[in-house]
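Before any comments, here is the structure.
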Amino acid sequence: MTFLASSTGIAIGYASIALIGYVLGGFLSRAAFRIPAEVPILKPSSQCLSCREPLAFADSIPVFGWFMVGGKCRRCGEPVSWLYPIIELLTPILLVAVFWRFGWTIAMPVYAAFAAAMVLVTFVDFIDWTIPDEVSIPGMFVGVACGLVAMIFPQSGLQIDRLYENVFDAIGGIIVGGGVLVALDVIAQLTLKKKGMGFGDVKLNAMIGAFIGYKGIILSLVCASLIGSVVGVAMVMWKRRGAEEGDEEDDGNYLPFGPYLALGGLIVVFFGAQIVDYYLNSFLLRSSVY
Ligand SMILES: [Zn+2]
């Protein structure tokens with residue numbers, strides 16, 4: 001325990017989690033493209049998903065491989081998505097951030113897995129506009145288990161100050177997380193006469209709720225909506241510019257919402273306690289002035 005807390009122990013922690021994140025990133029980028037294409041994730045080794053040409057080992061190395069093949073298949077010339085290196089770079093960065101936030105605690109591997117799940121659902125949603133049930137449904141059970149561990153063993157680091165303390169927070173998170181989206185969907189169908197979002201988003205948000213609680217999921221939805229509206233406005237303006245230049249692409253009106261839900265969940269895991277503290281402090285300060 002003292003060794004882990006020493007500067008050598010901390011350095012070993014950062015180095016190992018960066019390495020694990022790098023390897024995991026390679027796995028996640030492969031999974032993000034193979035799940036929508038219904039190709040088994042593990043069995044055929046790295047290959048071009050267009051022509052099924054197996055990749056040379058050097059070309060399948062995370063991040064660097066994409067640059068070595070110049071972003072297109074060496075055999076068929078089909079472009080290889082730039083999302084590959086993004087996923088492969090983002091995963092280790094997020095995992096290092098998890099170690100920075102949680103250190104050597106039970107919470108560290110748990111939130112590393114949570115962050116990896118958020119990366120996967122985000123990019124599957126970008127690529128395929130779906131959220132894999134394989135992530136969201138088992139995730140709910142893991143989240144409830146975390147609520148139990150947080151309650152029995154507070155030193156686990158699984159509690160989020162003022163937001164997530166026990167198994168009731170976790171179960172409440174599932175109900176509120178899923179329920180709010182179902183309610184929004186019903187309202188969207190009644191007022192706009194169109195489907196607001198898919199049921200995949202409902203299950204994803206319920207799963208995130210299991211990890212951050214019912215208070216956390218409300219904060220997460222506020223963050224998701226704020227970021228979503230900023231990005232949405234930017235995209236509309238960008239599209240309008242594109243339309244003026246005459247290269248408008250019609251991709252329907254579907255905006256994937258999963259990435260925002262995932263981002264909101266990560267913001268609460270990393271900064272939820274600070275956001276609540278900041279809010280309470282400024283509120284208390286103001287009320288003490290008057
Ligand atoms: Zn190819």
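The values are calculated or read from the model by the stated rules, or taken from the named source; none is laboratory data. Not measured: the values here are computed from a predicted model. Ideal geometry is used to build each Cβ from the backbone, glycine not excepted, and the neighbour counts take in all protein chains shown. Ligands, DNA and RNA are excluded from the accessible area calculation, which covers all protein heavy atoms including side chains. Shrake-Rupley method; radii C 1.70, N 1.55, O 1.52, S 1.80 Å.
Where the convex hull is taken over the Cα atoms of segment 1-91, what is its projected area averaged over directions, in nm²?
7.0 nm²
Before rounding to the nearest 500, sum -39500 (n - 2.57) across all DSSP H runs of length at least 4 in the chain and divide by the residue total; then give [θ] at 222 nm in deg cm²/dmol.
-25000 deg cm²/dmol
Taking the chain as a Gaussian network, Cα atoms linked when under 10 Å apart, which of PHE123, PHE168, PHE67 shows the biggest mean-square fluctuation?
Per the Cα network of the chain with a 10 Å cutoff, PHE67 tops the list.
Rounded if a/c is under 1.5, else prolate if a/b is larger than b/c, else oblate: which is the chain, with a ≥ b ≥ c the root eigenvalues of its Cα gyration tensor?
It comes out oblate by the Cα gyration axes.
In the chain, what percent of the accessible surface is made up of carbon and sulfur (1.4 Å probe, ligands and nucleic acids excluded)? Before the final figure, lay out the partial values.
Working: 11160 of 16130 Å².
Within the chain, the accessible surface is 69 percent carbon and sulfur.
If you plug each phi of segment 276-282 into the Karplus form 6.51 cos²θ - 1.76 cosθ + 1.60 with θ = phi - 60°, what whole-Hz ³J(HN,Hα) values come out, in order, with x for Gly and Pro?
5, 4, 4, 5, 5, 4, 5
In nm, to one decimal, how far is the modelled label at LEU49 from the one at PHE141, with both set 7 Å along Cα→Cβ?
With each label placed 7 Å out from Cα toward Cβ, I get 2.7 nm.
Find the Cα radius of gyration of segment 22-148, compare it with 2.2 N^0.38 Å by division, and give the number to two decimals.
1.13
Can you tell me the dipole magnitude for the chain around its Cα centre, using point charges on the Cβ only (Lys, Arg +1; Asp, Glu -1), in Debye to the nearest 20? Spell out each step's value before the answer.
On the way: 18 positive and 22 negative charges, 64 e Å.
Computed charge dipole of the chain: roughly 300 debye.
Using θ = phi - 60° and the Karplus curve 6.51 cos²θ - 1.76 cosθ + 1.60, what whole-Hz ³J(HN,Hα) does each residue of segment 24-30 get, with Gly and Pro shown as x?
My calculation for segment 24-30 gives 4, x, x, 5, 5, 5, 5 Hz in order.
Top mean-square fluctuation among VAL124, VAL230, VAL269, Gaussian network model of the chain, C-alpha springs under 10 Å?
VAL230
Before I look further, what does the chain give for accessible area per residue, probe 1.4 Å, in whole square angstrom?
Per residue, the chain has an accessible area of 56 Å².
Among the lysines in the chain, how many pairs, 8 or more places apart or on different chains, have alpha carbons under 23 Å apart?
7
Just order 271-277, 46-52 by mean Cβ neighbour count inside 10 Å, highest at the front, would you?
Top of the packing list down: 271-277, 46-52.
Debye calculation, C-alpha points only, no solvent: report log10 I(q)/I(0) for segment 160-225 at q = 0.12, 0.15, 0.21 Å⁻¹, in the same order as the q values.
Debye intensities relative to I(0), on a log10 scale: -0.30, -0.44, -0.75.
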